[in-house]
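Encoded as structure tokens, the structure appears first; notes follow it.
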Amino acid sequence: MVTYIAFLRGINVAGKNKIPMAELRELCESIELKDVQTYIQSGNIIFKSVVDSTSELEGLLAEAILNRFGIEVPVLIRTTDQVSAMVNDNPFASDDDSIKKQLYFVLVGSSPSIETLIKFKTEAFVNEEFSIADGCIYLKCNAGYGKAKLNNNLIERKLNVMATTRNYRTMNKLLEMAS
């Protein structure tokens, strides 16, 4: 069995798309996902499965959520090895706790076109830095993510991709829970 981490986009935010975590865990178990755990209300699920296709699992989970809760929720799933590599490859990584609070991971559901990426790489944002890798855009928001212009919605719009963002602490906690 492979251990996976699912990242749901846009649930339990500002009173919209409410999904109780206990019910989400039950739903995951009903579709044969094993050792299901959730972390905080924003839609992070750790589970094991014999299915070895993240795209198949994404479709299965998104369909189950739609059928049970009546909500279309974008789902991104990565193996724990992929998430670990993402965290370890962060170009802004630091042992400084104040820097760690500025780090965010924007997981993208598909690869943007080359032309779109080239144009995006020329963008500049005050107090913000970014680096693009396969499946992830690393953000360093010096003034905090709440004040960042370069946020999830902007990235989705500029790159024409589905994305969801997690902070450094959440990514590390998910890996800890998965181990």
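Here are some notes:
- Boolean, Glu58 is closer than 21 Å to Glu156 by Cβ, open to solvent by 30 Å² or more (accessible area, probe 1.4 Å) and not in a strand (DSSP E or B): yes
- Among (1) open to solvent by 60 Å² or more (accessible area, probe 1.4 Å); (2) touching a residue at least 12 places away in the same chain (Cβ under 8 Å); (3) within 27 Å of Asn160 (Cβ to Cβ), the one test that Ile132 misses: (1)
- The criterion of being without any contact (Cβ under 8 Å) to a residue 40 or more places away in the chain and in a strand (DSSP E or B) does not hold for Glu72.
- For the stretch 126-151, filtering for residues that are over 18 Å from the mean Cα position of the chain (by Cα), under 13 Å from Leu103 (Cβ atoms) and among the polar types (S, T, N, Q) leaves 1.
- Subset of the stretch 104-130 [touching a strand residue (DSSP E or B) at 6+ places or on another chain (Cβ under 8 Å), under 25 Å from Glu58 (Cβ atoms) and not in a helix (DSSP H, G or I)]: Tyr104, Phe105, Val106, Leu107, Val108, Gly109, Phe130
- Residue within the stretch 89-98 that is out of contact with any strand residue (DSSP E or B) (no Cβ under 6 Å at 6 or more places or on another chain), touching a residue at least 12 places away in the same chain (Cβ under 8 Å) and either among the small types (Gly, Ala, Ser) or not in a loop (DSSP other than H, G, I, E, B) (or both) present: no
- Selected residue (only one of Lys101, Lys140, Lys158 is farther than 21 Å from Arg9 by Cβ, basic (Lys, Arg) and out of contact with any strand residue (DSSP E or B) (no Cβ under 7 Å at 6 or more places or on another chain)): Lys101
- Filtering the stretch 86-99 to residues that are within 13 Å of Gly135 (Cβ to Cβ) and either touching a Ser or Thr at 6+ places or on another chain (Cβ under 6 Å) or open to solvent by 40 Å² or more (accessible area, probe 1.4 Å) (or both) leaves only Asp89.
- Residue match in the stretch 102-110 (condition: open to solvent by 60 Å² or more (accessible area, probe 1.4 Å), in contact (Cβ under 8 Å) with a residue 12 or more places away in the chain and farther than 30 Å from Ser30 by Cβ): no
- Condition check for Gly10: closer than 24 Å to Asp134 by Cβ, in contact with a Ser or Thr (Cβ under 8 Å, 6 or more places away or on another chain) and of a type in the set (Gly, Ala, Ser): yes
The values are calculated or read from the model by the stated rules, or taken from the named source; none is laboratory data. Computed from a predicted model, the values in this text were never measured in an experiment. For neighbour counting, all protein chains shown are included, and Cβ atoms are generated from backbone atoms with ideal geometry for every residue, glycine included. Just so you know, the surface numbers come from the protein's heavy atoms only, side chains and all, with ligands and any DNA or RNA stripped out. Shrake-Rupley method; radii C 1.70, N 1.55, O 1.52, S 1.80 Å.
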